[in-house]
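The values are calculated or read from the model by the stated rules, or taken from the named source; none is laboratory data. On a predicted model such as this, the values are computed, not experimentally measured, just so you know. Glycine also receives a Cβ, built like all others from the backbone with ideal geometry; neighbour counts cover every protein chain displayed. Keep in mind that these areas ignore ligands, DNA and RNA; they rest on the heavy atoms of the full protein, side chains included. Shrake-Rupley method; radii C 1.70, N 1.55, O 1.52, S 1.80 Å.
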Amino acid sequence: MQAMQTKRIYLDNAATTPLCDAAAKAMAPYMESGTQAPFGNANSLHSIGREAFSALEDARARVARALKAHRPDEIVFTGGATESDNSAIVGMALGAREKARLAGKHGPFKVVTSRIEHEAVLETSHMLRALGFEFELVDNDGLGRVTPEALKRVVDENTLVVSVMAANNEVGTIEPVAELCSVAHAAGALFHVDAVQALGKIPVDLKGWGVDAASFSAHKVGGPKGVGVLYLAAKTPYVAYLPGGGQENGRRSGTQNVCGISGAAAAIEFAVAEQPAYAARARAMRDDLYARLGAIKRVVPSVCVPCGSEEFLPNIVNVCVRGFESQTLILQLDMRGICISGGSACASGSLDPSHVLSALGVERNLAQGELRVSIGVENTQADIDAFFEAFKEAIA
């Protein structure tokens, strides 16, 4: 067995990313001990609290600009993307139902989402059903796309919320967000987009998309873990998912993590500024790796990604290796100093094949050999070369 390399190569950036310099610098003052550090509660009236509040609102304004929101007060800071997804869908469903009932409508009301969403969206179905909502899934095509035509077949006058991700976290399919949003709005429904994987990889324009809500995560773009962003367009019907002290204008209670939020704002700004150059570099590496892996007989791409395609994320390569299980290959590669995943990191402990690949029609035995390589800002062509050599050894 080959000994582990002294240098580890990290190619699992869709799961999480290293802290970027901009975020680390922004958070550094908050990591100091003692009362001279900026440790204040942003909701306190004294000077230390006001300093924290000023930093919080500065971060909010910067995030709003980076994401092209209409205004800063549409930005809500949360504890992560899972909370942002859950609170957006459940909060808007409850708010929209309340509004519909006041208008004399009685349902049955429903929420629509796609089959390839992250579990943070799909698993809300249990809560929604317990709250009296119907939950319906819209089909995708063989590339993972949800078309406006498919969505039109599912939404009706009782649909309150539609949630479709901007880009898939496993295979990288980019969805037509603005078109899907228009379909939802034409039916009288609100539209939420999980844009966690899109941020920093493709342009994000909340005003241009026209969505009512969007979810983001700091740690996917070089920020700290435990900080999420929820965009709620002004006047969107919404019932607070986390009631309590009324922070974040009553939309998300709990003392704000000013340290993490400052780091998140810096990371998001950096990711948006670097996006065009990073996407071009990553796309070239993605295309090279798909070509090299595709030449190996037992490797099957999970989706067909044409060279140079901008209809898929530039940083994700997803293949299935016939005759292998994901866990075995991941560990074999880890022993060779290569860190990748077998699809969504949130489901890495599951022995069941990915629900995304199942929705794409990939047969079960093949899907159990899924591998996802996700390229980060710091990765180079040398990293791709090292992965490919280690991969060939692992399947030999």
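General remarks:
- Extension gain, Met335-Arg153: 0.36 nm per intervening residue step, less the Cα-Cα distance, totals 60.7 nm.
- Helix screen, the chain: DSSP H segments with Cα axial length of 24 Å or more and mean Kyte-Doolittle hydropathy at least -1.0 are 47-67, 81-102, 258-294.
- Mean-position separation - Cα centroids, segment 75-100 and segment 221-252, in angstrom: 8
- Charge tally around Ser358: other residues with Cβ under 12 Å, Lys/Arg +1 each, Asp/Glu -1 each, net -2.
- Only protein heavy atoms count here; on that basis, with a 1.4 Å probe, Phe388 has an accessible area of about 20 Å².
- Protein-only accessible surface at a 1.4 angstrom probe places the residues Glu32, Glu134 in the order Glu32, Glu134, largest first.
- Convex hull volume per residue, computed on the Cα atoms of segment 9-113, equals 175 Å³.
- Close amide H contacts of Thr173 (hydrogens built in the peptide plane, cut-off under 5 Å, sequence separation of 5 or more or a different chain): Asn168, Leu313.
- Candidates His118, His106, His219: whichever shows maximal mean-square fluctuation once the chain is modelled as a Gaussian network with Cα springs under 10 Å: His106
- Accessible area per residue in Å² at 1.4 Å probe, computed on segment 271-396: 42
- The length gained on full extension between Lys297 and Thr328, counted as 0.36 nm times the residue separation minus their Cα-Cα distance, comes to 9.3 nm.
- Accessible area of the chain belonging to carbon and sulfur atoms, whole % at 1.4 Å probe: 54
- A 1.4 Å probe, protein heavy atoms only, puts the accessible area of Leu333 near 0 Å².
- Proximal aspartates and glutamates to Lys392, defined as alpha-carbon separation beneath 19 angstrom and excluding residues fewer than eight positions away on the same chain: Asp12, Asp287, Asp288, Glu325, Asp334, Glu370, Asp383
- Cα-centred dipole magnitude for the chain, charges only on beta-carbon of K, R (+1) and D, E (-1), debye, nearest 20: 260
- Where segment 12-111 is the region considered: accessible area per residue in Å², 1.4 Å probe: 50
- Relative to its residue count, segment 286-396 spans a Cα convex hull of 106 Å³ per residue.
- Note on segment 79-192: dipole from Cβ charges, positive end direction compared against His126, Leu160, Ala150; the farthest Cα belongs to Leu160.
- Of all lysines in the structure, those lying under 16 Å Cα to Cα from Lys235, and not within fewer than 8 positions of it along the same chain, are Lys99, Lys207.
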